[in-house]
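The values are calculated or read from the model by the stated rules, or taken from the named source; none is laboratory data. Because the structure is a prediction, the values reported are computed rather than measured. Positions of Cβ are generated from backbone atoms using ideal geometry, with glycine treated the same way; all protein chains shown enter the neighbour counts. Surface accessibility is based on the protein's heavy atoms, side chains included, excluding ligands, DNA and RNA. Shrake-Rupley method; radii C 1.70, N 1.55, O 1.52, S 1.80 Å.
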Amino acid sequence: MVHYGKKVFEMYDLIIIGGGPAGLTAAIYASRYKLKTLVLTKNIGGMAVENPEIENYPGFGKISGGELMVKIGEHAEALGTEIRREQVKSVTKDKETFKIITEYDSEFKSKALIISTGLKRRKLGVKNEDKFKGRGISYCATCDGAFFDSKDVAVIGGGDSAAVATLILSEFAKQVYLIYRRDKFKRMLPAFQEKLGKRRNVKLLFNNRVTELGGDTNLEWAKLSDGTKLKLGGLFVEIGFEPEVPFKTNFELKKDSKGFIDVDKGMKTSEQAVFAAGDITNGSNLFQQIITSASEGAMAANSAYLYLAGGV
Ligand code: NDP
């Protein structure tokens, strides 16, 4: 059961901020180490829940991201992890204790911390993007795809997220344009490229960027760099993610040149007792998969356990 609401001055061995694949797997490992563990998270499962069909998580064949993440969350809770759906506002370190304040002004304390908050969506940066956000522009095809039934829509991007969004939308929309800035895909999985090629209502527009967005109150059209003006009922921005720690701290974490939290092989950060796992780190060669996040979560929990046992 996920908890909400104010709860003050509870002390934990380990607090994990972020309940995606990394955080929830860390919770499984920490709970098996008998650490008193709390997960604080905005939503259960993170961005993995947006993928309707996962085919590369070992042991499951095909499973939706939502179902997989519910199973991982239930697994953690069955082992004793407490999960609270509260967004963290700030973390203050005082000697060897962390104080965490959430959006509901709840206050929690812990001896160690794992940060697994994932990434922030990259925005297009074209004029009127914010004006049409929620009025034709979306950043989540799984969440909003069904609203675009029988419409002409476009997806921007050339990675796996753009592929997944295009495949989802092609189930609902009349026509889906996939707009990519290069002449061929360089990041997209070949399996996705093959699937896209088989969808009759998908049109690939290479060597193109969106230069202008227009409409009255809702998005009605997008102009492309080759001069084409597409009439659109919707536009899905799927151009990747950026690392950003979404809360204040009174300590500095070392980051790499792209802003990912710098971790060692054991997921230790530059700050003692602070570990990080998943997409927000520069571990796993930036291969941002559910399994690599889960693996980093397991290692972070192990390092936290060794630290708390006085070993690191
Ligand atoms: P990626 O960073 O992999 O791809 C982003 C894409 O957007 C690139 O093609 C990039 O172009 C393009 N892009 C970036 N900025 C702009 C811009 N300003 N204007 C136009 N285009 C732009 O991000 P994804 O979200 O696709 O994937 C992130 C990670 O998540 C990857 O590791 C991916 O494998 C993983 N993932 C895996 C899935 C799976 O089912 N296995 C599903 C979804 C994501 P360019 O190519 O020119 O750089």
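What the table below lists for this structure:
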| read-out | value |
| --- | --- |
| Local electrostatic count at L24 - Lys and Arg +1, Asp and Glu -1, tallied over other residues with Cβ under 15 Å | -1 |
| Loop chymotrypsin sites (Phe, Trp or Tyr not before Pro), the stretch 239-312 (other Cβ atoms within 10 Å of the site Cβ: 10 or fewer; DSSP) | F287 |
| Share, in percent, of DSSP beta bridges within the chain that are antiparallel, nearest 5 | 40 percent |
| Degrees, to the nearest 10: 21-32 long Cα axis against longest axis of the chain | 20 degrees |
| Zone residues, the stretch 270-300, relative to K93, backbone N less than 19 Å from point 7 Å out along Cα-to-Cβ | 270-278, 280-283, 300 |
| Electrostatic dipole magnitude of the chain [Cβ: Lys, Arg +1; Asp, Glu -1; Cα centre; debye, to 20] | 560 debye |
| Percent accessible area from carbon and sulfur atoms, the stretch 57-136, protein chains only, probe 1.4 Å | 45 percent |
| Loop trypsin sites (Lys or Arg not before Pro), the stretch 4-70, which have at most 13 other Cβ atoms in a 10 Å radius of their Cβ (DSSP) | K6, K34, K62 |
| Accessible area per residue in Å² at 1.4 Å probe, computed on the chain | 50 Å² |
| Sparse-neighbour loop sites [trypsin sites (Lys or Arg not before Pro); the stretch 120-219; at most 12 other C-beta within 10 Å; DSSP] | K127, R182, K184, K186, K198, R200 |
| Helical mean residue ellipticity (222 nm; -39500 (n - 2.57) per DSSP H run of 4+; nearest 500) of the chain | -7000 deg cm²/dmol |
| The chain: angle of helix 65-78 to the longest principal axis, Cα-based, in degrees nearest 10 | 10 degrees |
| Whole-angstrom gap from the stretch 217-272 to the stretch 125-141, using each part's C-alpha centre | 15 Å |
| Label-point separation in nm, L286 to K109, each point 7 Å along Cα→Cβ | 4.0 nm |
| Cα gyration tensor of the stretch 122-209 - equivalent ellipsoid semi-axes, whole Å, descending | 20, 16, 11 |
| Eligible lysines near K198 by straight Cα distance, threshold 23 Å, same-chain separation 8 or greater | K62, K151, K174, K184, K186 |
| Local electrostatic count, Y305, Cβ distance below 13 Å [Lys/Arg +1, Asp/Glu -1] | +4 |
| Among S116, F132, Y104 - extreme Cα towards positive end, dipole of the stretch 99-139, charges at beta-carbon | F132 |
| For the stretch 32-88: relative contact order, % (alpha-carbon pairs under 8 angstrom, 6 or more apart) | 49 percent |
| Rh by Kirkwood over Cα pairs, then Stokes-Einstein D for the chain at 0.890 mPa s and 25 °C, µm²/s | 119 µm²/s |
| Principal-axis tilt of helix 290-308 within the chain, Cα atoms, nearest 10 degrees | 20 degrees |
| For Y177, residues with placed amide H under 5 Å, excluding near neighbours | V153, A154, V155, K203 |
| Cα pair count fraction exceeding 20 Å, expressed as % - the stretch 23-175 | 61 percent |
